[in-house]
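Below is one structure, written out as structure tokens; comments come after it.
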Amino acid sequence: MNILMVYPQYPDTFWSFKHAIRFVLKKAAFPPLGLLTVAAMIPQEWNKKLVDMNVRTLTDKDIKWADYVFISAMVVQKNSVKEVIRRVKKLGVKMVAGGPLFTTEPEQFEDVDHLVLNEAEITLEPFLKDLAAGKAQHIYTTTEHPPITSTPTPMYSLINMNNYTSMSIQYSRGCPFNCEFCDITVLDGRVPRTKNTSQLFSEMESLLSKGWRGSLFIVDDNFIGNKGKLKTEILPALIEWQSRRKHPFTLFTEASINLVDDEELMNMMTKAGFNRVFIGIETPNEASLTECSKNQNVSRDLVAAVKKIHNHGMEVMAGFIVGFDSDQAEIFKSQINFIQKSGIVTAMVGLLNAPRGTRLYQRMKKENRLLEQEFSGDNMDYSLNFEPKMNRVKLIDGYHHILNTIYSPKEYYERIKTLQTEYKPRKRLRFPTFRFSVSQLIGLANCVWFVGIKEKGRRYYWRSFASTLFLKPSSFPMFIQLSIFGFHFRKVINKGVANPAISAI
């Protein structure tokens, strides 16, 4: 059996980092971890190829080689998915589809031969068994959330790691919280399920043996969902492994704000090599936090919490939302002030949308507020899939103002300065001041040319460049990286300006 695994294209979005990765001559930010994991579950004797369309073009020759095309995707990849399906059907090759997009919207893909939905640890095996018997069904689904202690090591051999800026592994699935707008609990449940240490280190050793060094994304829904196991088993073993292997990986992940309540946990994470963490802040408006059941964020000094994490050597990246029913006219100024004061440089601000299956989606449906506009999965394309309480034009206008403000060079480099003041990495994790890899040197040259010479607002770049180099030399590589990110974010924002959604402003 010849199996072609296809990962569709990401559009130009905040998290695609398309404009940033070109600075270091990479083609994509992260590999398709889901497909690599599924590949390891398919019979070993079958022939497998993987085409990541973010890395190279999918050709008709690729498709014709296959007996079956396996495809997996997120909602944001929907347009590329539809084009892949059209091409595969035209060439008469059978298709198997799974992943978040197909699991949440299966009725939109009736033309796919086989839908293997939810988690592959349960649904893939019966499909493969039926396929071997010549009686494969159209759809395989489950309401169960399986343990992931038998999930195999992803087949990293199917990709060229040199195409990516970071590798990925997964330690756990599920999140104990139940935010109204989030589909994580719909897909992965509220009980965090974890791998064991042997699995985790098998995957890390696999990456190491294939030559990977550098950035490693732990792609958990909430890395600290099971704090007890982390502190007693995983982190102590990870600290020992990193030390024994001479710290080949710098780690980053996603977590909830209650991370700040546990000094020991933060110290263990930084000792293990974590230097960045994404946190859903959402809003400084307490009423809106209560509305969406973001209870872990309520009654906190969120600015102080962010600075505390920075003080412990982890840069906070964060998500923010406007458009809650409880949001008033002052929310736009409040969001800007919070982001600037906290020093969160990588701040993704999106309009509230209701993904299918979420409690918010069900509430909007009950209140007859859903629109024909589908949820796009693009956090910054100005789309809304339900009717907001706030006047739509005022909401989009205010949102537009937030983006234009926080990513203008002046405000952006002010946040870098705030971060540099608060950020205190462990000594062994400090960047060497003048020791760069070839790709970093290329990135530095491109940064100087595109950000420091060609881009508007370059005086703020050079001012920050000089102060970092002479006053904070250990954070200079971080400064270059964030400057490149800022270039990407401004490109994405400028793309949004041309969107018809804001033509009424």
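The values are calculated or read from the model by the stated rules, or taken from the named source; none is laboratory data. As the structure is a computational prediction, the values presented were derived from the model and not from experiment. We place every Cβ from the backbone using ideal geometry, glycine too, and count neighbours over all the protein chains shown.
Structure notes:
- For the range 233-266, the set of residues classified as closer than 23 Å to LEU302 by Cα and part of a helix (DSSP H, G or I) consists of ILE257, ASN258, LEU259, VAL260, ASP261, GLU263, GLU264, LEU265, MET266, listed by residue number.
- Top-ranked residue in the range 276-301 [being in contact with a helix residue (DSSP H, G or I) (Cβ under 7 Å, 6 or more places away or on another chain) and either in a helix (DSSP H, G or I) or acidic (Asp, Glu) (or both); ranked as farthest from THR253 (Cα to Cα)]: LEU289
- Flag for SER483 being more than 17 Å from ASP12 (Cα to Cα), in contact with a helix residue (DSSP H, G or I) (Cβ under 6 Å, 6 or more places away or on another chain) and at pLDDT 95 or above: yes
- Cβ-Cβ under 6 Å pairs, at least 6 apart or on other chains, the range 129-143 side within 19 Å of ILE3 (Cβ to Cβ) and at pLDDT 95 or above, far side surrounded by 13 or more Cβ atoms within 10 Å (Cβ to Cβ) and hydroxyl-bearing (Ser, Thr, Tyr): TYR140/THR123
- Filter result (assigned to a loop (DSSP other than H, G, I, E, B) and buried (at least 19 other Cβ atoms within 10 Å of the Cβ)) within the range 166-188: SER166, GLN170, TYR171, GLY174, CYS175, PHE177, CYS179, PHE181, CYS182, ASP183
- Tallying residues that are hydrophobic (A, V, I, L, M, F, W, C) and over 23 Å from the mean Cα position of the chain (by Cα) within the range 43-63 yields 3.
- Residue count, the range 453-462 (criterion: surrounded by 15 or more Cβ atoms within 10 Å (Cβ to Cβ) and part of a helix (DSSP H, G or I)): 3
- Residues located in the range 219-268, provided they are among the hydroxyl-bearing types (Ser, Thr, Tyr) and within 22 Å of SER202 (Cα to Cα): THR232, SER243, THR250, THR253
- Sole exception among (1) more than 30 Å from THR358 (Cβ to Cβ); (2) in contact (Cβ under 8 Å) with a residue 24 or more places away in the chain; (3) surrounded by fewer than 22 Cβ atoms within 10 Å (Cβ to Cβ) for GLU205, by number: (2)
- Criterion: in contact (Cβ under 8 Å) with a residue 24 or more places away in the chain, under 29 Å from THR13 (Cα atoms) and touching an Asp or Glu at 6+ places or on another chain (Cβ under 8 Å) - qualifying residue of GLY343, GLY350: GLY343
- Long-range neighbours under 7 Å by Cβ, at least six apart or interchain, first residue touching a residue at least 40 places away in the same chain (Cβ under 8 Å) and buried (at least 19 other Cβ atoms within 10 Å of the Cβ) within the range 232-247, second part of a helix (DSSP H, G or I) and of a type in the set (S, T, N, Q): ILE234/THR197
- Breaking point among (1) within 20 Å of GLU422 (Cβ to Cβ); (2) aliphatic (A, V, I, L, M); (3) surrounded by fewer than 16 Cβ atoms within 10 Å (Cβ to Cβ), for VAL303: (3)
- Filter result (more than 23 Å from the chain's Cα centre (by Cα) and under 24 Å from ASN178 (Cβ atoms)) within the range 268-305: ASN285, GLU286, ALA287, SER288, THR290, GLU291, VAL298, SER299, ARG300, ASP301
- If only residues of the range 334-359 that are closer than 30 Å to GLU372 by Cα and out of contact with any strand residue (DSSP E or B) (no Cβ under 8 Å at 6 or more places or on another chain) are counted, the one that is surrounded by the most Cβ atoms within 10 Å (Cβ to Cβ) is THR358.
- Scanning the range 16-25 for residues that are buried (at least 19 other Cβ atoms within 10 Å of the Cβ) and either hydrophobic (A, V, I, L, M, F, W, C) or in contact with a strand residue (DSSP E or B) (Cβ under 8 Å, 6 or more places away or on another chain) (or both) turns up PHE17, ALA20, ILE21, PHE23, VAL24.
- Cβ-Cβ under 7 Å pairs, at least 6 apart or on other chains, the range 171-196 side more than 18 Å from GLN362 (Cβ to Cβ), far side among the β-branched types (Val, Ile, Thr) and part of a loop (DSSP other than H, G, I, E, B): ARG173/ILE148; GLY174/VAL191; ARG193/ILE148; LYS195/ILE148; LYS195/THR149; LYS195/THR151; ASN196/THR149
- Matching option when the condition is in a loop (DSSP other than H, G, I, E, B), of a type in the set (Val, Ile, Thr), at pLDDT 95 or above and in contact with a helix residue (DSSP H, G or I) (Cβ under 9 Å, 6 or more places away or on another chain), among ILE336, ILE344, ILE402: ILE344
- Among the residues of the range 42-56, those that are more than 19 Å from LYS18 (Cβ to Cβ) and crowded, with 17+ Cβ neighbours inside 10 Å comprise ILE42, LYS48, LEU50.
- Of all residue pairs spaced 6 or more apart or on separate chains, none has beta-carbon atoms under 7 Å together with a first member in the range 59-71 that is on the phi > 0 side of the Ramachandran plot and a second member that is in a helix (DSSP H, G or I).
- Sub-9 Å Cβ pairs linking a first residue in the range 90-114 that is more than 21 Å from ALA354 (Cα to Cα) to a second residue that is part of a loop (DSSP other than H, G, I, E, B) and among the basic types (Lys, Arg), at least 6 apart or interchain, number zero.
- ALA40 being under 28 Å from the mean Cα position of the chain (by Cα), in a helix (DSSP H, G or I) and over 19 Å from PRO11 (Cα atoms): yes
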